[in-house]
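The values are calculated or read from the model by the stated rules, or taken from the named source; none is laboratory data. Keep in mind the model is a prediction, meaning the values are calculated, not measured. In this analysis, Cβ positions are derived from the backbone assuming ideal geometry, glycine residues included, and neighbour counts consider all displayed protein chains. Side chains are part of the model used for accessible areas, which takes the heavy atoms of the whole protein and leaves out ligands, DNA and RNA. Shrake-Rupley method; radii C 1.70, N 1.55, O 1.52, S 1.80 Å.
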Amino acid sequence: MSVTAIATATPSAIGSFRTRRSTNGVSRFKMSVRSGSVSMAAAPMLTKLQQDCATPLPVLRNVAASMSDDIRAGLAVDGGSDLKMILSYVDSLPTGDEKGLFYALDLGGTNFRVLRVELGGKDKRVIAIESDQVSIPQGLMSATSEELFDFIASALANFAHKDGNFPGKKGEIGFTFSFPVKQTSIDSGILIKWTKGFAVSGTAGKDVVACLNEAMDRKGIDMRVSALVNDTVATLAGARYWDDDVMVAVILGTGTNACYVERMDCIPKLQGEFSPSGRTIVNLEWGAFSKGLPLTVFDRDMDAASINPGEQANSSFNIFEKTISGMYLGEIARRALLHMAEEGSLFGKSMPEKLSMPFVLGPYLFRNPTIPNCCRTPDLSTMQQDGTEDLHTVGSVLYNVAGVESNLSSRKIVLAVCDTVVKRAARLAGAGIVGILQKIEEDTKDAIFGKRTVVAMDGGLYERYPQYRRYLKEAVAELLGPETSQNIVIEHSKDGSGIGAALLAATNSKYGRNL
């Protein structure tokens with residue numbers, strides 16, 4: 001929809017979105033039905049936002065080429081680019097021959113999951129999957145290392161012994177650990193620091209696998225960790241189990257990351273340390289990518305406000321993540337709408353207080369518990385699914401979440417802002433994927449574009465946001481062209497990380513396979 005069409009749309013009555021009265025009888029907001037001239041004042045601001053967020057083909061090509069260059073530089077030497085290019089030490093992936101009972105432990109926040117996966121080889125594949133989710137008590141998030149890992153080990157023991165289904169041999173665990181670690185082997189990694197509200201003492205600088213193994217020993221549990229992975233690597237492994245053509249995995253949820261299968265002789269910083277397979281999975285940590293991105297004043301302001309004091313020296317920390325991942329899309333939209341409300345009277349003369357609250361708008365399931373009545377629904381996505389003539393759903397979300405009264409004209413501008421922010425995000429993510437594929441193809445002609453190649457996708461943003469999925473796939477097709485893009489399959493791998501961790505426990509216990 002053009003800006004002119006938005007600005008001159010016939011205003012509708014506010015309908016059910018009336019001002020509420022406080023206990024003293026005074027209206028919280030005094031807003032009348034507004035004329036189209038109010039939204040007309042915001043129209044040039046929308047045009048500026050659309051221009052700043054534009055992702056035409058030349059911009060996408062530049063982002064894809066820069067991603068390829070950064071991958072190559074990061075593989076040459078540690079610190080060679082924005083991308084860390086972390087070696088996963090996964091040089092054997094599942095083949096389908098795996099048999100037995102294996103476990104996965106997924107620790108990445110205030111809850112952790114335990115899974116038991118029974119594998120039956122190529123004929124039966126996955127026979128059964130069981131899982132439990134356990135909440136970590138608030139006190140343990142700032143307890144000692146022993147206390148936290150003892151709690152985890154006890155929960156694992158309870159799960160393993162449930163229904164008398166404990167394995168007759170030593171249990172093998174795939175440990176998905178989503179905190180910063182310096183991995184030193186497939187089954188060891190040194191914790192760099194706790195994040196996500198954890199402040200556990202006595203763990204930084206220690207091997208987290210050893211911490212868990214020692215806790216299991218204290219609890220008398222005959223189990224051990226045979227694979228330490230992050231969720232992106234586990235997703236690739238889980239998808240590869242079902243499809244040998246999977247070469248790349250991408251997580252697009254609250255945060256984002258990507259990994260891919262790389263030839264070891266294309267990793268100069270390995271200095272000739274090759275495995276028998278000659279291939280390994282490399283974790284990009286692509287959220288830190290920063291080159292060629294179309295940024296707005298709202299991105300820069302949000303980025304500056306989100307820096308952790310004393311931890312980042314510049315204001316471009318994880319800027320790619322902040323432009324494409326779920327945690328930030330609603331906040332970018334909120335800042336743009338606040339500007340339009342303050343400078344362009346988008347919602348009339350009164351300023352709803354809640355619209356000034358950071359992260360009051362969420363793109364899918366992000367919640368900020370510090371904000372009263374923060375969104376508990378997929379706000380941006382919900383608004384973009386609105387098919388009603390008067391955009392009733394958009395008006396409802398604005399009123400219930402941000403305390404905003406609106407007419408049809410302003411709702412159309414809100415919808416255009418959401419679409420602009422999400423379209424840029426998805427198309428940049430698509431360009432990043434193409435950058436990975438191009439790098440692999442440059443080193444091995446027809447390894448990617450000459451045959452079917454699968455990119456495994458997971459994460460709530462990708463899964464639950466239809467427009468995001470569509471824009472991402474369109475960008476990939478534009479960049480690769482109609483013929484080549486037919487060979488690239490972008491496929492959702494739901495919960496692949498949980499199964500993938502258990503499968504990597506299998507491949508690294510007794511089923512060493514080539515990639």
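So PHE179 clears everything in (1) open to solvent by less than 30 Å² (accessible area, probe 1.4 Å); (2) at pLDDT 90 or above; (3) under 30 Å from GLY79 (Cα atoms) except one condition, right? Which one? Result: PHE179 fails condition (2) only. Based on this model, can you work out whether THR95 counts as in the same structural domain as ILE190 (by the TED database), under 24 Å from the mean Cα position of the chain (by Cα) and either modelled with pLDDT under 90 or under 30 Å from LEU346 (Cα atoms) (or both)? Judged against the criteria, THR95 is not a match. With respect to the conditions (1) of a type in the set (Asp, Glu); (2) under 21 Å from ILE251 (Cα atoms); (3) modelled with pLDDT of 95 or more, ASP495 falls short on a single one, namely (3). In the set (1) among the aromatic types (Phe, Trp, Tyr); (2) at pLDDT below 90; (3) open to solvent by less than 20 Å² (accessible area, probe 1.4 Å), PHE317 fails one condition alone, (3).
Residues in segment 267-292 that are hydrophobic (A, V, I, L, M, F, W, C) and in contact (Cβ under 8 Å) with a residue 24 or more places away in the chain were compared, and the one that is surrounded by the most Cβ atoms within 10 Å (Cβ to Cβ) is TRP286. Being in the same structural domain as LYS48 (by the TED database), open to solvent by 30 Å² or more (accessible area, probe 1.4 Å), within 29 Å of ILE267 (Cα to Cα) and modelled with pLDDT of 95 or more is a property that holds for VAL489. From the set of residues in segment 323-333 that are open to solvent by less than 10 Å² (accessible area, probe 1.4 Å) and of a type outside the set (Gly, Ala, Ser), which is nearest to the chain's Cα centre (by Cα)? Here the residue is ILE324. Scanning segment 191-207 for residues that are surrounded by 15 or more Cβ atoms within 10 Å (Cβ to Cβ) and under 23 Å from the mean Cα position of the chain (by Cα), which turns out nearest to LYS162 (Cα to Cα)? The qualifying residue nearest to LYS162 (Cα to Cα) is PHE198.
Can you confirm whether segment 78-92 contains a residue that is hydroxyl-bearing (Ser, Thr, Tyr) and either surrounded by fewer than 18 Cβ atoms within 10 Å (Cβ to Cβ) or not in a loop (DSSP other than H, G, I, E, B) (or both)? No, the conditions are met nowhere in segment 78-92. Is it the case that LYS445 is over 21 Å from TYR465 (Cα atoms), basic (Lys, Arg), modelled with pLDDT of 95 or more and surrounded by fewer than 24 Cβ atoms within 10 Å (Cβ to Cβ)? Criteria not met by LYS445. Cβ-Cβ distances below 7 Å connect the following pairs, each with a first residue in segment 230-256 that is basic (Lys, Arg), a second residue that is assigned to a strand (DSSP E or B), and a separation of six or more residues or different chains: ARG240/VAL246.
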